[in-house]
Every structure is written in structure tokens, then in C-alpha cells.
């Protein structure tokens, strides 16, 4: 039931009827779809990986691979541009990325996969609130209703659980990245 409520909330917030793909947006849409696919693959593999090793070890190697792959995209930039922005880059890498991912890995080692899926939908609520607070976006009725559905799904999975602390750890990750 929690997955159903949360998924309905995601559909309401994202409003699939408003999504339009035209030729100018093809590559962006393709990369977004690939990103979603690889995020799902990471979430599925992380559960089994944390059963075989420590969350810190798993997070280190996943981030090491991300650094190697990201390095290719930084090559066209001037080194001065990277050095001038080192503080925000370090924040994004360590706090918004590394710490959040480490907490996420620590949490998924202790809870079931279905719970992980529902809790990670909190990222949509945090992202929407960040857009309202930081970017001045307007709060609309579908966002409120969708957010309530997502929060209700999270309430269902966290009610009467012995691992509530680890459910909270999984939910903290999106707050750092939001």
C-alpha cells in the first residue's frame, strides 16, 4: 500500500500530461531516462552489496567510479574555473553527495527493499520544497496533494517498524542533496 500511495503522489507532483518531448529535448530526456535506469540499478545492487561488505566500502567504490567518469566531463573546462569553485565543489562532493550517500548506504543495509523505494520518494518532496524556498516557485495544489500521498506512504512503512532509525537515515540523504 505504501508503494502505491507514494507512486500516486509522484504521478500527481510530476503531472505526466504536461511532459512534452520535442526534438530539442531528445538528448536531455534520453539522459534523464538513462539516469533513472542507472539509479534503480544502483539501488538494487546496493542492497546486496551492503550485505557482503560495509556501507563505507560500498560508498567509497561507487563514488570513486563516479569521480573517474565525471573527470571526462571536466576536461574541456579551464583548470582556473575548477579551482575558483573548489569550495562549492567540495560541499557538493562531500556533504551533499558523500555524507548523504553514506547515510543512505548505512540505512539500506538494515531495511527491506520495498521500504527503501518508498523512503527515497521523499527526495521529490524535498526537491519541491527546495524549489519553492530557494527558487521562488509557486506552491500549487497538485504538489500539495502529491506530497501528502508520498508522506502518507512513508508513514505507512515507518509505522510499527523496529528499524525506524535506519528508515530515518535513508530519508536524511535527500535533505542534504535538496
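Contact annotation: residue pairs with Cβ atoms under 8 Å, 6 or more positions apart or on different chains, pairing a residue in the stretch 64-75 that is part of a helix (DSSP H, G or I) with a partner that is modelled with pLDDT of 70 or more and surrounded by 10 or more Cβ atoms within 10 Å (Cβ to Cβ), are 74/82. Could you list all residues from the stretch 13-32 that are part of a helix (DSSP H, G or I) and either touching a residue at least 40 places away in the same chain (Cβ under 8 Å) or surrounded by 11 or more Cβ atoms within 10 Å (Cβ to Cβ) (or both)? Of everything in the stretch 13-32, those that are part of a helix (DSSP H, G or I) and either touching a residue at least 40 places away in the same chain (Cβ under 8 Å) or surrounded by 11 or more Cβ atoms within 10 Å (Cβ to Cβ) (or both) turn out to be 13, 14, 25, 29, 30, 32. Taking the stretch 35-55 as the range and being under 15 Å from the mean Cα position of the chain (by Cα), farther than 28 Å from residue 145 by Cα and exposed (fewer than 12 other Cβ atoms within 10 Å of the Cβ) as the test, the residues that pass are 38, 41.
The values are calculated or read from the model by the stated rules, or taken from the named source; none is laboratory data. What you see is a predicted model, and the numbers here were worked out from it, not measured in a lab. Ideal geometry is used to build each Cβ from the backbone, glycine not excepted, and the neighbour counts take in all protein chains shown.
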